[in-house]
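Visitor: Pasting a structure below so you can have a look.
The values are calculated or read from the model by the stated rules, or taken from the named source; none is laboratory data. Nothing here was measured: the structure is a model prediction, and the numbers come from that model. Positions of Cβ are backbone-derived with ideal geometry, glycine not excepted, and every protein chain shown enters the neighbour counts.
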Amino acid sequence: MVSPDNSIKRDENDGADQRALAIALASDLSDRLEIVSEEFLKTEKTKMETINLSHWYNEKRVLAGISLPIFKNKVTAIIGPSGCGKSTFLRDLNRMNDIIPTARISGEVLLDGQNIYDNKIDVVSLRKRVGMVFQRPNPFPMSIENNVAYGPYIHGAQPEELAAIVESTLRKAALWEEVRDRLQDNALSLSGGQQQRLCIARALSVEPEVILFDEPCSALDPHATAKIEDLITNLKKDYTVVIVTHNMQQAARVSDYTTFFNFGELIEFNTTRKIFKSPERKMTEEYISGRFG
Amino acid sequence: MSEQQQTSDDLASDEETIIAIGKQKISFQHVVLLLAASLSVIIVVLVFIFTVLEGYRIIPEYGFIDFLFGHEWDSPHEQYGILPMIVGTILVVLIAAVIAIPVGTMAAMYLSEIAPEIVRKIMKPIIEILASIPSIIYGFIGWRTLVLFLQNQLGFKSGRTAFTAGVVLSIMILPTIITIADDSLKAVPRAYREGSFALGATNWQTIRKVVLPASSSGLTAAYILGFGRAIGETMAVYFLAGGGKNLQWNIFRGVDTLTSLILKQLPEASIGSVEYHAIFGAACVLFLITFCVNLIGDLLIRRFSKKFRGASK
Ligand SMILES: Nc1ncnc2c1ncn2[C@@H]1O[C@H](COP(=O)(O)OP(=O)(O)O)[C@@H](O)[C@H]1O
Ligand SMILES: [Mg+2]
């Protein structure tokens, strides 16, 4: 048995270590890894939490009573077959589904203990605190600089502050060196991977607390994917991260906790290690070993 | 085995006859259809040639500079300068633009970004009907309301002014502007809006800072095609702009435009006279302007529809 302290250290390993872990998994050396007791979960700080969250589009229920903690400064991966409600769940976490007229929810989503669906919650400041990166890179059709400056600008940053914000944000997104000489170029002239890192920079620009990633690498090549994964691993120092992915290796590489969804239900939630080493539910095991989905 | 052979042979020969028949039919239909399709092209070319053939003569007969930049059109004194009409056209179109661009853009923004689906479904066809009202009716209503108002309430000697015509024209070109502007706003991928909302932007910030800039070339096309319609419009202007064949810039005085000049002077000019050629010269200028305006508008629309190809909706 591993003591909680030990495990925390392991969870703060860097990206390379995570990848090594994935390789270990792949080569079926998984029995070398220790099983982590669920007691461990109780030592984490909870940043967000859904309580019995259900979601409907018109009369069709696509999420059924999801209760999930999202731990502070950790990466939580959501895996599951396509159509099982991963994106819907993610978009419920920053109320992006508000713009879909047919969408309706029940249950609660807590951010620092406060229900974000409360009447007195301001959606604008909520989305500033809980940012989002989408499946396809969607930089605005404007200059690289303006893409990053847009968020701070609309939240009232002074014009003379913007240049510094742009630089520091692009650095955080590991893009500064590549674009510093072409900040005025149209963002659409960047490669797909660069565009996605620009979108990450854009999300970081308003200093969020939580960042939601919806399959951020599904449109990217392996090289660009590796860069984004490194970035995500680094981000958890300062942010709480939730990532939807249908790439099992990616979940294993970047996340500390993993939850498996199927048919709109939360089937299992545990540390990533435990989920990939010895899931408790047979369905999880079948999905992870590629037998469906 | 042999039956199969038979069948496929049959098929082959069938195919050949179809192709053969098809070929015959095509060669006949081809001509008919080609003629039908060419008709409009032929007419355009003929109209163009006819106009230019009659119009170019004003250059040797009157002089290019005097014609284009002459300050006065005065038939009895054989003065045929069209600058007053060019200025008149500009005044009327500018007034129409100053009103129609903001109103049209805001209407399109409302329809595209804010209106519930049901409101949009009701309003769009109504706006398109506006475009199909015959221009003489606009002219008549413009006279009944605006012209009489200016005369009776504001004491204008004549309510037929560049301003009057411009105001009514702005209403006439609104459908064009709203429809094309709405289409180009709608063409902006949802992904851009979501990207903006996800940063905590309001709907209004998103429209102003992301959607409008992203659709700028489409919006410009909407304006330009609206101008095209305004420049070519004749009846309402004939009815409402009064007239003035001397160069002046006051929007509250009567003006003639290129179109109203042609409409008024053509019946009076004897065929083959200098005035007749001057009228056709004016038509050439009008032709050139509307052609360029529409070309630019079409190019912008094409560029715009290319812009988001491949971008996720
Ligand atoms: N805007 C919508 N309107 C109606 N149904 C939707 C909408 N978005 C998603 N769905 C449905 O909800 C279910 C879950 O979708 P989604 O959350 O996108 O799944 P995932 O991201 O896991 O692939 C699917 O059956 C999908 O068809
Ligand atoms: Mg999805």
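Visitor: So A:Y57 fits all but one of (1) within 16 Å of ligand 2 (Cβ to nearest atom); (2) surrounded by fewer than 20 Cβ atoms within 10 Å (Cβ to Cβ); (3) under 27 Å from A:V254 (Cβ atoms); what number is the exception?
Guide: (3)
Visitor: Quick one: is A:V124 within 14 Å of another protein chain (Cβ to nearest Cβ), hydrophobic (A, V, I, L, M, F, W, C) and away from ligand 2 (no atom under 16 Å from the Cβ)?
Guide: So A:V124 fits the description; yes.
Visitor: Hey, does segment B:186-194 have a residue that's buried (at least 24 other Cβ atoms within 10 Å of the Cβ) and within 14 Å of another protein chain (Cβ to nearest Cβ)?
Guide: yes
Visitor: Here's a follow-up. Given (1) crowded, with 21+ Cβ neighbours inside 10 Å; (2) more than 16 Å from ligand 1 (Cβ to nearest atom); (3) more than 14 Å from chain B (Cβ to nearest Cβ); (4) not aliphatic (A, V, I, L, M), where does A:Q195 come up short, assuming only one miss?
Guide: Among (1) crowded, with 21+ Cβ neighbours inside 10 Å; (2) more than 16 Å from ligand 1 (Cβ to nearest atom); (3) more than 14 Å from chain B (Cβ to nearest Cβ); (4) not aliphatic (A, V, I, L, M), A:Q195 violates only (3).
Visitor: For B:A283, state whether it is at pLDDT 90 or above, within 21 Å of B:I49 (Cα to Cα) and in contact with a helix residue (DSSP H, G or I) (Cβ under 6 Å, 6 or more places away or on another chain).
Guide: yes
Visitor: Among the residues that make up segment A:239-259, is at least one of them surrounded by fewer than 20 Cβ atoms within 10 Å (Cβ to Cβ), within 14 Å of chain B (Cβ to nearest Cβ), within 16 Å of ligand 1 (Cβ to nearest atom) and within 30 Å of A:N146 (Cβ to Cβ)?
Guide: no
Visitor: While we're on this one: Taking only segment A:51-65 into account, find how many residues are in a strand (DSSP E or B) and either within 14 Å of chain B (Cβ to nearest Cβ) or within 14 Å of ligand 1 (Cβ to nearest atom) (or both).
Guide: Residues meeting the conditions: 10.
Visitor: When both residues are 6+ apart or on different chains and their Cβ atoms are under 6 Å apart, which pairs have a first residue that lies in segment A:66-94 and is within 14 Å of another protein chain (Cβ to nearest Cβ) and assigned to a loop (DSSP other than H, G, I, E, B), and a second that is charged (D, E, K, R) and within 8 Å of ligand 1 (Cβ to nearest atom)?
Guide: Taking only residues 6 or more apart or on different chains, not a single pair turns up.
Visitor: Oh, and also: Which residues, counting only those in segment A:85-105, are within 9 Å of ligand 2 (Cβ to nearest atom) and of a type in the set (A, V, I, L, M, F, W, C)?
Guide: A:L90, the sole residue that qualifies.
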